[in-house]
Amino acid sequence: MKHLSLAARYRPQTFAEVAGQDTVKAVLSRAAAEDKVAAAYLLSGTRGVGKTTIARIFAKALNCEHAPGPEPCNQCPQCRKITQGSHVDVAEIDGASNNSVDDARALRETIGYAPMEGRYKVFIIDEAHMLSRNAFNALLKTLEEPPSRVVFIFATTEVHKFPITIVSRCQHFVFRHLSEDALHAHLCAVLDKEGLAYEEAAVRPIARRAAGSVRDSMSLLDQTLALGGDKLTADMARDVLGLAGQELFVRLFEGLAGRDCVTVAELSRRIAAQGVDIGFFVRELSGHLRTLFLLRQAGAAMLPHLGLSRDEAACWQALAPRFTPTHLHAAWQMTLDAQRGIVQNPEPAAALELLLLNLALLPQLLPLDHLPGTSAAPSATDAAMNAAAGMPPLP
């Protein structure tokens with residue numbers, strides 16, 4: 001039997017099952033319940049946040065035998081056919097491979113016919129930004145004066161490529177990234193349904209790595225579970241995802257606090273040797289610097305806002321006093337500035353090592369006591385790089 005991925009197995013079938021996107025779900029559910037449906041909808045947002053899933057659920061809610069209603073029943077023949085992708089009145093079109101003006105004209109010819117089985121003809125156009133300008137122009141008149149009982153749903157990750165004439169004819173909904181906490185709760189619910197034991201420290205990095213995408217989080221979880229075993233552990237997650245563990249960051253910050261170039265260089269080599277995802281490592285580093293800076297400034301009063309476990313909170317509280325606030329602020333800014341350059345560098349490991357050494361030597365590389373307070377002060381990155389290269393300090 002073919003193995004179904006977790007993303008496919010737990011694809012939501014009702015609005016209530018969709019993680020996040022509360023505003024979009026509320027508006028579309030109410031539209032289906034009151035049978036007040038617009039001619040065209042534009043769903044935009046990053047990958048894996050539920051655009052196509054919600055479009056399918058909306059199509060089911062409109063054509064369900066119990067409609068109008070806020071949710072599809074998922075039991076009637078209409079709902080089952082749409083779920084299986086075999087409903088004659090619901091068409092999913094790939095905008096990348098059906099992007100010519102001839103495809104748009106062929107679509108217009110089918111629009112004029114009344115629904116054959118359901119209440120509405122629904123056209124879901126995925127990756128709609130791939131349509132050509134001529135194809136968009138061919139659809140303009142149809143969207144301006146649509147036939148009765150026809151609904152267009154455009155889904156796109158690049159809404160800036162849409163002609164404004166199309167956007168103005170659609171109800172536009174922007175899908176948001178899910179928060180790390182929301183993804184964490186979703187993954188835990190999936191693991192509970194699967195009956196799998198797991199460590200809290202294993203789920204949190206997967207949610208963080210997914211960067212707001214539900215589909216990415218499910219794929220990463222599937223990838224981690226492929227290792228097998230009776231329990232999902234933090235070590236499994238780190239091995240599969242190329243993550244650095246808490247103990248590595250603790251050693252790194254101890255080296256930064258002590259300006260220990262030997263330790264920092266050794267950890268840089270270890271990161272490269274273990275195949276740690278350097279791009280994600282820099283993101284994690286930036287997040288930890290933020291945590292340290294806020295704890296250094298506000299102390300324990302900041303803990304409820306940082307989402308740390310008890311062990312993590314104790315660890316970062318112990319490390320924060322070893323740095324000056326100015327050092328942490330400059331290091332945080334420098335890391336943010338360096339993120340894109342490190343990932344795109346032909347030698348990312350060397351670029352990361354240079355960044356970490358600069359972070360350790362920041363108190364020597366630039367006059368931290370004079371850094372804040374003046375708009376004319378150079379950026380932390382520019383000043384540190386100039387000093388490291390032997391250039392005189394900028395005024």
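The values are calculated or read from the model by the stated rules, or taken from the named source; none is laboratory data. As the structure is a computational prediction, the values presented were derived from the model and not from experiment. Note: ideal-geometry Cβ built from the backbone for every residue, glycine included; neighbour counts use all protein chains shown.
Would you mind finding the one in 188, 170 that is outside the structural domain of residue 96 (by TED's automatic domain parsing) and modelled with pLDDT of 90 or more? I'd like the intermediate steps shown before the answer.
Working: 170 fails: outside the structural domain of residue 96 (by TED's automatic domain parsing).
Only one candidate passes the filter, namely 188.
Only one of (1) in the same structural domain as residue 353 (by TED's automatic domain parsing); (2) of a type in the set (A, V, I, L, M, F, W, C); (3) modelled with pLDDT under 85 is not met by residue 253, so which one is it?
Result: residue 253 fails condition (3) only.
Output the residue which, of all residues in region 310-338 that are over 16 Å from residue 283 (Cα atoms) and charged (D, E, K, R), is nearest to the chain's Cα centre (by Cα).
312
For a quick check of your reading: which helices (runs of 4 or more DSSP H) sit entirely within region 4-119 and have at least 3 residues that are at pLDDT below 90? Quick ask: steps written out before the conclusion?
Values: elements: 6-9, 22-34, 51-63, 77-84, 101-111.
Here the list reads 6-9, 101-111.
With aromatic (Phe, Trp, Tyr) and in contact with a strand residue (DSSP E or B) (Cβ under 7 Å, 6 or more places away or on another chain) as the only criterion, which of 123, 136 stands out?
Values: 136 fails: in contact with a strand residue (DSSP E or B) (Cβ under 7 Å, 6 or more places away or on another chain).
The conditions single out 123.
Checking the structure you have, find out if any residue of region 149-163 is of a type in the set (Lys, Arg) and part of a loop (DSSP other than H, G, I, E, B).
Our first condition is that a residue be of a type in the set (Lys, Arg); within region 149-163, this holds for 149, 161.
So of that shortlist, the ones also part of a loop (DSSP other than H, G, I, E, B) come out as 149.
Checking region 149-163: at least one residue is of a type in the set (Lys, Arg) and part of a loop (DSSP other than H, G, I, E, B).
Being at pLDDT 90 or above and either in contact with a strand residue (DSSP E or B) (Cβ under 7 Å, 6 or more places away or on another chain) or not assigned by TED's automatic domain parsing to the domain that holds residue 125 (or both) narrows it down to one of 224, 156, 233, so name that one.
Working: 224 fails: at pLDDT 90 or above; 233 fails: at pLDDT 90 or above.
Being at pLDDT 90 or above and either in contact with a strand residue (DSSP E or B) (Cβ under 7 Å, 6 or more places away or on another chain) or not assigned by TED's automatic domain parsing to the domain that holds residue 125 (or both) holds for just one of 224, 156, 233, which is 156.
Quick check on my filter: what residues within region 119-140 are among the charged types (D, E, K, R), buried (at least 17 other Cβ atoms within 10 Å of the Cβ) and either touching a residue at least 60 places away in the same chain (Cβ under 8 Å) or farther than 21 Å from residue 58 by Cα (or both)? Can you show your working first?
Our first condition is that a residue be among the charged types (D, E, K, R); within region 119-140, this holds for 119, 121, 126-127, 133.
Retained after the next criterion (residues that are buried (at least 17 other Cβ atoms within 10 Å of the Cβ)): 119, 121, 126-127.
Scanning region 119-140 gives a single hit, 126.
Please identify the pairs in which a residue from region 23-38 that is surrounded by fewer than 20 Cβ atoms within 10 Å (Cβ to Cβ) has its Cβ atom under 6 Å from the Cβ atom of a residue that is at pLDDT 95 or above and not charged (D, E, K, R), counting only partners at least 6 apart or on another chain.
Within 6 Å, no pair qualifies.
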